[in-house]
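The values are calculated or read from the model by the stated rules, or taken from the named source; none is laboratory data. It should be emphasised that the depicted structure is a prediction, and the values quoted were computed from it without experimental measurement. With ideal geometry, Cβ positions are generated from the backbone for all residues, glycine too; neighbour counts draw on all protein chains shown. For accessibility, only protein heavy atoms count, side chains too; no ligands or nucleic acids. Shrake-Rupley method; radii C 1.70, N 1.55, O 1.52, S 1.80 Å.
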Amino acid sequence: MAQLIYTLSIVIIFVLWFVCTIICQFKGKSAAFIQKYIDVLRLIPSWTFFAPRPGKSDYHVLYRDKRPDESLSEWTEVELSEGRNFFDFIWNPRKRNKKVLSDIIQTLIITFSRYPKDQDRTFLMYTFPYIMVLHLVTRQHSKVNDPAFRQFVLAESPGYLEDSDPNFILLSKFHELN
Amino acid sequence: MTTLNHIYVIIYSIFGLGVFISTTEYLAGIKIFSSEGMLSCDMQQINLVKNDNSHFLNRLSAAIFTEERLKYVFLIRCVNIILLFIIPFNTIAGWILLIALGVSIYISSLITRYGSDGSDQMTMLIIITFILCQVPLNNTLLLNAGIWFIALQSCLSYTVAGISKLVSVEWRTSIAMRLIFSTKTFGSRKAALFLKKYRFINILLCWNVMLTEALFPACLLLPLPFAIIFLLWGFTFHLLNAIIMGLNSFFWAFMATYPAIIYVNMQIHHA
């Protein structure tokens with residue numbers, strides 16, 4: 001009896017999970033409700049790979065320092081693994097860095113695209129993706145002696161074909177370094 | 001029951017190999033969780049506390065999310081995966097190992113919310129299905145339900161991906177693949193230049209991907225020889241994605257679902 005109840009419970013869980021997965025593929029109120037109140041463990045997948053907007057840019061993080069005398073250093077790019085090795089199709093430990101940065105920047109873009117361009121976007125500094133980038137940037141070694149403040153820029157480039165110029169996505173304020 | 005258990009063993013063989021590879025990749029790139037890394041443990045703890053105001057998760061994250069401890073989590077996971085190749089799932093020891101593997105995968109998913117992809121989601125679905133269905137004293141209905149769930153989720157994933165591409169301007173105008181392949185993140189110089197030179201290949205590839213993905217659930221209903229055509233397409237698609245885009249984990253996660261699709265197809269046609 002207990003086995004039957006367990007089996008039926010699992011079947012019901014699978015059915016509900018599958019139905020919720022279908023609903024959550026559409027960006028409606030039902031999906032938002034499920035994601036907020038039902039999917040507390042974040043187990044409902046999103047299956048829209050590379051669509052509707054395919055990733056068509058490479059993202060870059062650059063930073064520069066300001067000394068106490070207000071002089072500025074050159075821009076330095078945060079090194080993230082680029083290019084591909086032959087055996088990456090079997091074993092590819094470097095793939096995460098780029099994907100993480102890409103996800104963070106896309107989240108930031110989505111966040112600030114919700115607000116008019118003329119609106120003050122200082123609030124972005126309090127979003128988690130911004131703080132993640134700031135954390136990454138402030139942990140980088142300085143190329144100058146005695147840096148007091150650090151500023152970063154997020155940029156996107158078209159990659160190998162380079163048929164358009166890089167775009168600046170975000171220029172941060174100067175943040176104090178400890 | 002024996003056939004069903006064999007299907008689970010085949011699924012695990014592919015799935016386990018994929019998770020093992022992915023875990024060794026995490027171990028090799030463990031610095032990503034260091035204080036200088038993109039997924040700095042300190043930062044991820046802040047995110048967890050912010051999003052999940054639960055004491056349990058706070059304590060769990062504080063206890064586990066350090067670079068050193070995560071290394072042990074991944075090492076133990078490797079051993080766990082190997083043991084599950086030896087120990088039958090539906091024994092008490094096997095089931096405990098499945099739970100341990102599931103918990104380990106879930107813990108790392110908490111810290112890799114940025115940077116995770118569809119293969120991680122499929123991996124999570126498969127391991128939870130195993131935990132729920134490979135309980136000691138399981139039965140045919142339970143095992144069948146798990147196989148159907150994996151097969152249906154796999155087909156849903158393809159069809160949602162296909163429909164999302166069909167509503168996208170970049171995909172319909174056949175420039176999407178050239179744009180993706182020209183990025184250094186997911187592309188390759190050779191593939192980008194090739195697609196730039198031969199425009200008609202772009203049309204062929206984009207529409208091939210869109211239509212085959214959208215129609216993928218047909219492989220459950222078509223007679224097996226025709227269903228195999230879809231599965232061979234999927235095999236080639238994921239293999240090329242691994243080679244050109246470096247998305248190796250997708251290959252294993254999705255190939256692991258194919259035995260379930262074949263089994264469901266055979267069940268439908270023998271009903």
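Taking all Cα-Cα distances within the protein assembly as shown, those exceeding 42 Å account for 17%. Estimated translational diffusion coefficient (Stokes-Einstein, Kirkwood radius over Cα pairs, 4 °C, 1.567 mPa s) of region B:141-234: 88 µm² per second. Would you be so kind as to identify all helices of chain B, as entire DSSP H runs, whose Cα atoms reach 24 Å or more along the helix's own axis and whose mean Kyte-Doolittle hydropathy is at least 0.0? Passing helices, by number: B:2-28, B:67-86, B:92-111, B:140-166. Apolar share of the accessible surface for chain B: 74 percent from carbon plus sulfur atoms, 1.4 Å probe. Each stretch of four or more DSSP H residues adds -39500 (n - 2.57); spread over every residue of the protein assembly as shown, this sum gives -19000 deg cm²/dmol at 222 nm. FRET efficiency for the pair B:L27 and A:D118, taken as 1/(1 + (r/R0)^6) with r the Cβ-Cβ distance and R0 = 35 Å, rounds to 0.15. To the nearest 100 Å², how much accessible surface do chains A and B hide from each other in total, with a 1.4 Å probe? In total, this chain pair buries about 6600 Å².
Model label points for A:Q35 and A:L16, set 7 angstrom from Cα along the Cα-to-Cβ axis, are 2.1 nm apart. For A:A148, the residues whose amide H sits under 5 Å from its own are A:K66, A:R67, ignoring neighbours fewer than 5 places away on the same chain, with H placed 1.01 Å from N. Basic side chains Lys and Arg get +1 at the Cβ, acidic Asp and Glu get -1 at the Cβ, and with that the dipole of chain B about its Cα centre reaches some 780 debye.
Angle of helix A:95-113 to the longest C-alpha principal axis of chain A, folded into 0 to 90 degrees and rounded to 10: 90°. Sparse packing (at most 13 other Cβ atoms within 10 Å of the Cβ) combined with a DSSP loop state is found for the following GluC sites (Glu not before Pro) in region A:135-178: A:E162.
For region B:139-271, relative contact order (Cα pairs under 8 Å, six or more residues apart, normalised by length) works out to 31 percent. At a probe radius of 1.4 angstrom, the accessible area of region B:1-137 per residue rounds to 41 square angstrom. Using the average count of surrounding beta-carbon atoms within 10 Å as a protection proxy, the listed peptides B:221-229, A:110-118, B:257-265, A:55-63 rank, highest first, as B:257-265, A:55-63, B:221-229, A:110-118.
Each of B:I81, B:G18, A:T122 was scored by the projection of its Cα onto the charge dipole of the protein assembly as shown, and the greatest displacement toward the positive side belongs to B:G18; charges sit on the C-beta of Lys, Arg, Asp and Glu. Can you work out the base-10 log of I(q)/I(0) for region A:58-176 at q = 0.10, 0.13, 0.19, 0.21 1/Å, using the Debye formula on its C-alpha atoms alone? Taking Cα atoms of region A:58-176 as identical point scatterers yields -0.36, -0.60, -1.12, -1.26. Pairs of alpha-carbon atoms within less than 8 angstrom and 6+ residues apart define the contacts here; what relative contact order does chain B have, in percent? Relative contact order here is 22 percent. Here region A:1-128 yields Rg over Rh of 1.12, to two decimals, using C-alpha coordinates and the Kirkwood radius.
Separation of region A:1-54 and region B:1-43 by C-alpha centroid, Å? Value for the Cα centre distance between the two parts: 22 Å.
Sorted into 5 angstrom bins from 0, the C-alpha pair distances of chain B split as 1, 6, 11, 14, 15, 14, 14, 12, 8, 4, 1, 0 percent. Quote the FRET efficiency, to the nearest 0.05, computed for B:Y72 versus A:W91 with a Förster distance R0 of 25 Å and r equal to the Cβ-Cβ distance. The value I calculate is 0.75.
Over region A:92-178, what is the relative contact order in percent, taking alpha-carbon pairs closer than 8 angstrom and at least six residues apart? Answer for region A:92-178 is 22 percent. Between A:R53 and A:E77, full extension at 0.36 nm per residue minus the direct alpha carbon distance yields a gain of 6.0 nm. What residues of region A:51-66 lie in the reach of a label at B:T173, counting those whose backbone N is under 17 Å from a point 7 Å from the Cα along Cα→Cβ? Residues A:51-57 qualify, since their backbone N sits under 17 Å from the label point.
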